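Working notes for the structure below.
Each value in this text was obtained by applying a stated rule to the coordinates, not by laboratory testing. Small disclaimer: the values here were computed from a predicted structure and weren't measured. When we count neighbours, we look across all protein chains shown, and the Cβ atoms used for this are built from the backbone with ideal geometry, even at glycine.
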Amino acid sequence: MTYSLEIKNLTKTYADSAFRLDNVSFAIPRGTIMGFVGENGAGKTTTMNAILNTVKRDGGSVTFFGREMEDQDTDLREQLGVVFDAVNFSGVLTPSKLSRVMAGVYRRWDPDMYLSSLTRFGIPLNVKIKQLSRGMTMKLALAVALSHGAKLLILDEATAGLDPIVRDEILDVFLEFVEDDSRSILMSSHITSDLEKIADYITFIHRGKVILTESKDKLIYEYGIARCKAGQFQDIDPADRLAYRKRDYQIDVLVEDRKAFERKYAGIIVDRGTIDEIMLLLIKGDQ
């Protein structure tokens, strides 16, 4: 299997904070979308900054398309399309003028692709960026990311602030992007229903440490949440539970193989879980 991005044992500490990235490791196969989820402060944005060398990492390796990126690797940087939660385009520019600026930044800038994206996203050409709504500004950043031949999109809350109809349109764009199996996406989002629609894999991060990377389909269709009474919980072999959490008169247990669990423990109801529910059990539950 070939990868667009491989991260191995990525670490980062801060002198004035107890937070640290703790040997973060995961890889994104080419032609796939990786969802990156965790609570606020879990380390998602720090990980992305460390991947892009915008913060200096203390240890570990980051490899794009089989190559480690150095500061002088402008050709490799051009293969990355980045959309962060905060967009830093000059507010006095219009989207039309921004195209001329980007043409001086990217050697493979495609003005026709950019114009097509602006039209598709309903972004006016001649309104100053500072007058655009947050949703429009995020779509503008995405239009830029799609217009210079990027093979890996790195998206931090790229659908935040967009209404459900526009989000659905943007998700279609992401799926179209990875139809070319040389392309991939790393996407963090608090809107996990978006990731359930489009992601191939999900990586969960908590307190700076990756706690699980798994196929999205396996999470949704094979993992399960057993709803137990206290007596039933006592009968469950600890090896058969990934995490559990007590809720009033019920104990929820995260299990890796729903059907095998049902066969072994007759009488215990096991439901499919959403990404949100699985994340809550992994983060808030006991192991």
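Within the shell defined by Cβ-Cβ distances under 14 Å, the residues around residue 117 carry a net charge of -3, with Lys and Arg each +1 and Asp and Glu each -1. Other residues within the sphere of radius under 10 Å centred on the Cβ of residue 280, judged by their own Cβ, net out at -2 (K and R +1, D and E -1).
In order along segment 16-24, the Karplus-derived 3J(HN,Hα) couplings, from 6.51 cos²θ - 1.76 cosθ + 1.60 at θ = phi - 60°, round to 9, 9, 7, 6, 8, 7, 10, 6, 5 Hz, and Gly and Pro are given as x.
For residue 134 and residue 96, a Förster radius of 22 Å and the Cβ-Cβ distance give a FRET efficiency of 0.60, rounded to the nearest 0.05.
Summing +1 for each Lys or Arg and -1 for each Asp or Glu among the other residues whose beta-carbon sits under 15 angstrom from that of residue 97 gives +3.
What nm value, rounded to one decimal, do you get for the distance between residue 196 and residue 8 when each label is placed 7 Å out toward the C-beta? So the label points at residue 196 and residue 8 sit 3.6 nm apart.
For the chain, adding -39500 (n - 2.57) for each run of n ≥ 4 DSSP H residues and dividing by the number of residues yields -9000 deg cm²/dmol at 222 nm.
Rounded to the nearest whole Hz, the Karplus-based 3J(HN,Hα) values (6.51 cos²θ - 1.76 cosθ + 1.60, θ = phi - 60°) of segment 30-40 follow the sequence 4, x, 10, 10, 9, x, 10, 10, x, 5, 4, with x at glycine and proline. Seen against the Cα atoms of the chain and their longest principal axis, helix 111-121 is set at about 50 degrees.
Here segment 134-261 is assigned +1 on the Cβ of each Lys and Arg and -1 on the Cβ of each Asp and Glu. Its dipole about the Cα centre then comes out at about 600 debye.
Amide H to amide H, with H built 1.01 Å from N, residue 5 comes under 5 Å of 28, 65, counting only residues 5 or more places away or on other chains. Cα centroid separation, segment 44-117 to segment 227-287: 42 Å. The angle separating the long axis of helix 275-284 from the principal Cα axis of greatest extent in the chain is about 70 degrees.
Segment residue 70..residue 17, full-extension length gain: 16.4 nm, with 0.36 nm per residue of separation and the alpha-carbon distance subtracted. Applying both filters, DSSP loop and at most 12 other Cβ atoms within 10 Å, to the GluC sites (Glu not before Pro) of segment 166-218 gives 179. Packing here is the average count of other Cβ atoms within 10 Å per residue, and on that basis the peptides 117-127, 144-154, highest first, run 144-154, 117-127.
Compared with the dominant principal axis of the Cα atoms in the chain, helix 95-105 is inclined by about 90°.
Between residue 169 and residue 52, the FRET efficiency from the beta-carbon distance, with R0 = 30 Å, is close to 0.70. Backbone phi angles across segment 207-214, fed through the Karplus curve with coefficients 6.51, -1.76 and 1.60 (θ = phi - 60°), yield HN-Hα couplings of 6, x, 10, 6, 9, 5, 10, 8 Hz in residue order; Gly and Pro are listed as x.
Could you check which residue among 221, 114, 201 shows the biggest mean-square fluctuation in a GNM of the chain with a 10 Å Cα cutoff? Of 221, 114, 201, the most mobile in the Gaussian network model is 221.
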